[in-house]
Structure formats: structure tokens, C-alpha cells
1. What is the helix-to-structure angle for 15-28, meaning the angle in degrees between its Cα long axis and the longest Cα principal axis of the chain, kept from 0 to 90 and rounded to the nearest 10?
2. Of the GluC sites (Glu not before Pro) in segment 1-90, which ones lie in a loop per DSSP and count no more than 13 other C-beta atoms within 10 Å?
3. Between R66 and E20, what length in nm is gained on full extension when 0.36 nm per residue of separation is reduced by their alpha carbon distance?
4. When the chain is treated as a GNM, springs tying every alpha-carbon pair under 10 Å, which of Y13, Y120, Y76 comes out with the largest mean-square fluctuation?
5. Quote the relative contact order of the chain in percent (integer), defining contacts as alpha-carbon pairs under 8 Å separated by 6+ residues.
6. Under the rule of -39500 (n - 2.57) per DSSP H run of 4 or more residues, summed and divided by the residues of the chain, what mean residue ellipticity at 222 nm is obtained, to the nearest 500 deg cm²/dmol?
7. Can you tally the lysine pairs in the chain where the Cα-Cα distance is under 27 Å and the two residues are eight or more apart, or on different chains?
8. Note the angle between two axes, namely the Cα long axis of helix 110-128 and the longest principal axis of the Cα atoms of the chain, as a number of degrees from 0 to 90, rounded to the nearest 10.
Amino acid sequence: MMDKMFFESKSRYAFDETVERLNNIIAEAGWRVTHTHDLKETMNKNGYEVLPVKVIELCNPKYAYRMLSADELRIYGNMMPCRISVHEKADGKTYVSRMNSALFASQIGGVVEEVMSGAYHDAESFVAQIAE
């Protein structure tokens, strides 16, 4: 099952352009980028060298509201917001990885499955626009 839980796609673009294009695609779709974590920078500050990695946190308020407005669903708040990771590998290529939240949510069902499946399919459409 773990081989279906995470996906990685090769980007058609260099690292910085991939991040920029994803940010634009996300905004054009009505989603919000809530934060971008620069993990290379964080690691450098702690004395470690790694290849570029940025984790984009994105949120669709309509999806988020459906989960956060119900007390019994707030337990799943730790799965929010959605995340897309952009990273460079030793081959010099840029890759985009993400979690299969639809598969995870299928184990829960109900509103959680509806919301997380919708978010997953939206995120996949964002990645498809930059993937080889």
C-alpha cells in the first residue's frame, strides 16, 4: 500500500521555475498558498548541506471549512493544509512529490473522504501542468 501512498513526478522545468509555476497554477485555481518551507535553507542554518527542497502548503478554504466547522472532524486537522514538495535530485532534475490523500481518506469515509479526495484531485491537476 505504501507504494500507492506517495507519488513523484519529474518536472519539465528547473527547480525555481517549477515552484513559481506551481504557485501561479494554485492561485489561478482559487487555492491559497499558506506557506512555503525552504528545507534547504533550514538545513543550511543547522550546518547541513542538502539539494534544494521546498514544501508548498496550499489550502482551499471551501474544502477546509467542511472539515474545520465540525467538531468530530477537527481531529483530521493535522492533515491540513495540503502539501506539495518540490525537490532536486543528484541527477540535476526537479521532481514534485505529494501524498495520496484520497487513498488515506478512503479508510475514513464520509465528509473526510469527499473533502480529501476533492483536494487530492485538484492537487494532481496542478502537478499535471508541470510534469513531463
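1. Helix 15-28 and the main axis of the chain meet at about 30 degrees.
2. Taking segment 1-90 and a limit of 13 other Cβ atoms within 10 Å, the loop GluC sites (Glu not before Pro) found are E49.
3. Taking 0.36 nm per residue and subtracting the Cα distance, the gain is 13.7 nm.
4. Maximum among the listed residues: Y76.
5. Relative contact order comes out at 33 percent.
6. -12500 deg cm²/dmol
7. Within the chain, the lysine pair count is 18.
8. 30 degrees
Only the coordinates and a few stated rules stand behind these numbers; no lab work does. A quick note: this is a predicted structure, and the numbers were derived from the prediction, not measured. Don't worry about glycine lacking a Cβ; one is built from the backbone with ideal geometry, like all the others, and counts go over all protein chains shown.
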